[in-house]
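Enquirer: Just dropping this structure here.
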Amino acid sequence: MLRYVFADELHRFPQLAEGMFRDRADQFKTRLGWDVTVDENGEERDQYDELNPLYVIWEEADGSHGGSMRILPTTGPVMVNDVFGHLTDGRLIQSPLIWEVTRFCLARNSTPHVAGAIMLSGGEVMEGFGLTHIAGVFDARMIRIYRLIGSSPIVLGSEGTGRDQISVGLWPYSPEDCNRVAYRAGISRDLSRLWFRSAFGSKHHERTLRFTA
């Protein structure tokens, strides 16, 4: 199942939190060789994890981390502006209606539907919080995954070639895209919406204000 958890609530899910940060270290440091910081506990974190982001986490049947991503509003510090702004010629992506997704991570043993489920959560977040777009940075390996999942971004700028290419993109909200991603992930929209409502419920708008303040 999908869980939507703010950073200040991760203490309620210690197994998921530990698994997420360890799998991030495994994916981004060990497998991809990115210049990221891994602490003495084998966990990968950066300064954006200190901003109380929203994490979307796939919880496996045994309670372990299957995959995840991190979400922050573009009205504050985000990687698309702070680190990769040169890819958009310095034009900042800043809007209360656009949030950024980063650290899209899959555990080594995750099943194929997990990537689709996490992408579907982006649609639920856009629908649930009234957003127009999700912004993100992605490398060349993700292009094939996005196509298979059924949701490809509008590319705003890129650098590098081949497997080393890095791009900034926008995913517009589209009910049709959400339904297509849900179908390919093998998850009903009713179930996906239930996971979202279970996380936010009647406190939905209150949490939005807190998140974007």
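Enquirer: For the pair residue 148 and residue 89, what calculated FRET efficiency results from E = 1/(1 + (r/R0)^6), where r is the Cβ-Cβ distance and R0 = 22 Å, to the nearest 0.05?
Expert: Working from the Cβ atoms, E equals 0.15.
Enquirer: Suppose a student asked you for the relative contact order of the chain, using Cα pairs under 8 Å spaced at least 6 residues apart; what percent would you report? All intermediate terms of the calculation are to be shown ahead of the outcome.
Expert: Values: 372 pairs, mean separation 41.8, N = 213.
Relative contact order of the chain: 20 percent.
Enquirer: Assign unit charges at the C-beta atoms only (+1 for Lys and Arg, -1 for Asp and Glu), then state the dipole size of the chain relative to its Cα centre in Debye, rounded to the nearest 20. Walk me through the numbers on the way to the answer.
Expert: Values: 23 positive and 28 negative charges, 137 e Å.
Charge dipole of the chain: 660 debye, to the nearest 20.
Enquirer: Another question about this same structure. I need the P(r) histogram for segment 96-187: all alpha carbon pairs, bin width 5 Å from 0 out to the longest distance, whole percents.
Expert: P(r) over segment 96-187, rounded to whole percents: 3, 14, 24, 26, 20, 10, 3, 0.
Enquirer: Put one equal scatterer on each alpha carbon of segment 2-211, apply the Debye formula with no solvent term, and list log10 I(q)/I(0) at q = 0.08, 0.17 1/Å to two decimals.
Expert: Calculated log10 I(q)/I(0) at the listed q: -0.25, -1.31.
Enquirer: Separate question: So, in nm, how far is label residue 40 from label residue 183 when the simple model puts each one 7 Å beyond its Cα toward the Cβ?
Expert: Calculated label separation equals 5.3 nm.
Quick note: the coordinates plus some simple rules give every number you see, no bench work behind them. Since the structure is predicted, the reported quantities are computational estimates derived from the model, not experimental observations. Because the Cβ atoms are built from the backbone with ideal geometry, glycine has one as well, and the counts that use them run over all protein chains shown.
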